[in-house]
1. What share of the DSSP beta bridges in the chain is antiparallel, in percent to the nearest 5?
2. Going by average Cβ density within 10 Å per residue, which order do the peptides 274-282, 522-530, 866-874 take, highest to lowest?
3. For residue 883, go through the aspartates and glutamates and keep the ones whose alpha-carbon is under 16 Å away, minus same-chain ones fewer than eight residues off.
4. Going by how many other beta carbons lie within 10 Å of each one, how would you line up 302, 764, fewest first?
5. Using only alpha carbon positions, build the gyration tensor of the stretch 760-841, then give the equivalent ellipsoid semi-axes as the square roots of 5 times its eigenvalues, largest first, whole angstrom.
6. Among 254, 651, which comes first, then next, by fewest other beta-carbon atoms within 10 Å?
7. Rounded to the nearest 500 deg cm²/dmol, what is the calculated helix-only ellipticity per residue at 222 nm for the chain, with -39500 (n - 2.57) per DSSP H run of length n ≥ 4?
8. Between residue 179 and residue 86, what is the spin-label point distance in nm, taking each point 7 Å from the Cα along the Cα→C-beta axis?
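No value in this document is a laboratory result; all are computed from the given coordinates. Worth saying up front: this structure is predicted, and the values here are computed from it rather than measured. Cβ coordinates were reconstructed from backbone atoms using ideal geometry, including for glycine residues, and neighbour counts include every protein chain displayed.
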Amino acid sequence: MDLPLVGRTRELAQLRGALVSASAGSGRLLLVSGDAGIGKTRLAMAVADMANDYDVPVARGYAVDDPGMPPLWPWRRLARDIPQLSDALSVKTGDSASARFAMFADATDALTEAAAERGLLIILEDLHWADRSSLKLLSHLAGDLARTRALILGTFRAADGSPLADRLPDLLRSSEMRSIRLTGLDTPDIAHWLRIKAPAAEQMAAEVAAKTNGNPLFVRMLIDHDLDGHPELRHLVLAQVPDNARDLLGAASVLGERIDPSLLTEVSGLDEATVADLLDQSVRAGVLRSAPAISFTHALVRDAVYEELAPSQRMALHQRAAQALERSDTSAAGRIANHWRLSGSTDWTVHCVHWARLAAAAAIKDLAYDEAVEFAELALRAPDAELTLELARAEFLAGRATESVRHCVQAARLADAENRPDLRAAAALVITGMGDPKTITAVDRLCAEALATTQPDPIRARLLAKRAMAAAETGSVTARDLSAQALKLAEDCGDPDALLDSVHARHFTLCAPQYWAERVELGRRACELAETAEQPLAALWGHLWLLDAWFQCGDLAAVDYELNQIERFATTHRHALAWWHLNRMRATRAALVGEFDRAMAFNEAAREIAQRLDTVATTGMYFAFLHQICMLRGTMEPDDGRTAIEVLGSVPEIALAQIFVPVTHVLMGDLASARATFEVFRRMPEHLAVGPRWAPLVFHIGVVAVMLDDVETADLVYRCFVDLEPDYLTDGSGAVFCAGASPRMLGELALTTGRVPEAVEHFRLAIEMNARIGALPFLALSRLGLAKALVKQGKHADLPEARKLAAEAAAEFRRLDLPGPLSTTDELMGRIRAASRSANPLSPRESEVAMMIGDAMSNRQIAERLVLSERTVESHVRSILAKLGYTTRTEIATWSVRETGG
């Protein structure tokens, strides 16, 4: 008789509620944890019985305690019950992060579809043994559970030191997650069980509880075999094992917790009938269970049997297992490699390396990059250039850039020793997308060293392209020359990979406002190359480059066309990176025209995709956009500011990030800290080479200089930009934000440096340009800027225009909820009113008469309106003419209209 499920009433009620809720359309993730033998599997079986009662389908998957376990094993086992999941887990094309995202999205859709009709219970056991890719898929699915009819029940023991330990905090933060921690049965629970199982022993419930700590597995073993004996697990297990089945179960323990009878037959050397009979005996003895598959009753049971094997017997069985799998299941490369590793045979290293390399390659094909690293490490049993290079590639795909660079350098050194220039070049080409200065320097050195040896032209072109991008990142003047050399070499040899790399490098080195026309040409060329090349991302980059270019020239119709092209690409290729770019660029487009609610919604959508892509850089763009919105609003909450400064502190080497530290201090009102942290930037505009991120960095240095009224730095920035063609403040390096027409910033810089007439002209052009494209926030800021410049000119005749501009700006700032600019405008309007009062030489009555003259009223009409004599009105008119220095009523009328802002 099986151990009844006692003492779990509360847990069963919680699980029943979750099952009902999920079946009704509110999916859940339930994680059940507890010590080995505590009853997690038994609880999962009870939930499966519940699901059957409710006619809810059940699908099961599990991880196993085997370093050779194939990636995504729990989900692939699950796919046996859900056929559409198998297709979803098939290989995707594209870059690493996006391809994995697409696979996870497909898997989520498949499970959602499978649950749509009757609901679905998914049981995932032993997650403490699960691989990282399986856990990442679980995290992805957890984010979408609320819209499904699926209940996921996962079980695990202590997660310390396992991949689950890294992923568990994210899972626990999911709003759809609930957790259950199982503890031992108490004495009344055990007494209740004994009344059913062994009535004569009911009075021993307290003793059993003390000996087993209430662990159900230990309770069953103790009661079944020796109530008075020692409850140590190995003794209890071995007491259960039938004597004639000990050798067979020893072989089974080598194969793993779950038992494949055909494989066990081959490894044990027994015939099928004998194996079947001994397995049946072991099930009856309680060592094995037969459902849902033949397996040890618990991993602890399997471990006890395995530990009882003599070392020589254990190694021999591992070798036989490896050889049997080689004959029957070559797809189990990881398991085969691990069995060879544990076999201790004289030639185990050769076999282990061979199968581990195959396992690493298969893991990369399955987009399981973390597991590919583990298999590549297993393969690297001795210094070898090619194996080290494979490990470096796997590490880079898994996001372990530092380790990857180290192994690239090591592979290059080994390639020299082995006289393999091809591998030296390959080592230089592993890292893409550059990174921190230390990584850029290391990769650039690898490229330079590879170029010092004879290389085929396509490889030389790719190495030159990579050197060009590194030079651009570090501000070297050689960047554009190197990119031109790479592009010419690639064009001459016609290699598509070399050509695409070279086009990319050329565009990157030209990321500055000055090179708009050539960037447009390169964007179009990338789109054309994508039609014939095998790199689908070329089209994405091409459309993004063009999008940036159209923002720069203010062609929003072309911007919208490129956004539609990117959406089509994202939809067709199910490309997560494309969806991320689409949402962040839509956010930029919406913010430009003042649609801030839509902009924030698009930015949030981009953030969600970035989190699932599991990369830091994409998430950083989210915060950069929020910072720009805060700058536009002119305010930042103290908590947000402190968080921003803390985040910026994690990338001290990136100047474009660090410039936001003084910006944040200004927004928080801490001008002393702003000046202190700005000091390092003040002379930068003199020395920065024109290249990627030059424009946004110098622009933001100018922004801070204006905020702090730093005339010297504002002058440096003004001279950097004043001779450039007016544009809309993007430079080709991937717009995070478009701050409208560039003449507005020139106007602010000119005003700060005392170039007031120039400021007036810059602001007038900015008003025209921003109005042309409907950039309403920046149109209002331009009007405010012109009003400030007109007031600063000190001409009384300009005050009416300044008053009108300020009033229009204030109305827009109120509508858009921009408190910082609104406060500045209100203060300016007060100054305008005071200046108007002090500059007006007319008396109140004379002002009244002048206003009526402006309304085209005759002296008689004015006299009637004011109840004066006509002669008195004539006297007022003569006085007005004298005070204003005019000679005609027309001049008075013109003055009056201008003065009142009419």
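1. Around 10 percent antiparallel, to the nearest 5.
2. 522-530, 274-282, 866-874
3. Result set, ordered by chain and number: 846, 848, 874, 891, 899.
4. Listing 302, 764 from fewest to most nearby Cβ atoms yields 764, 302.
5. Value: 22, 15, 8 Å, ordered largest first.
6. Ordered from fewest to most neighbouring Cβ atoms within 10 Å, 254, 651 come out as 651, 254.
7. Using -39500 (n - 2.57) per qualifying helix, the result is -21500 deg cm²/dmol.
8. Label-label distance for residue 179 and residue 86, simple model: 3.6 nm.
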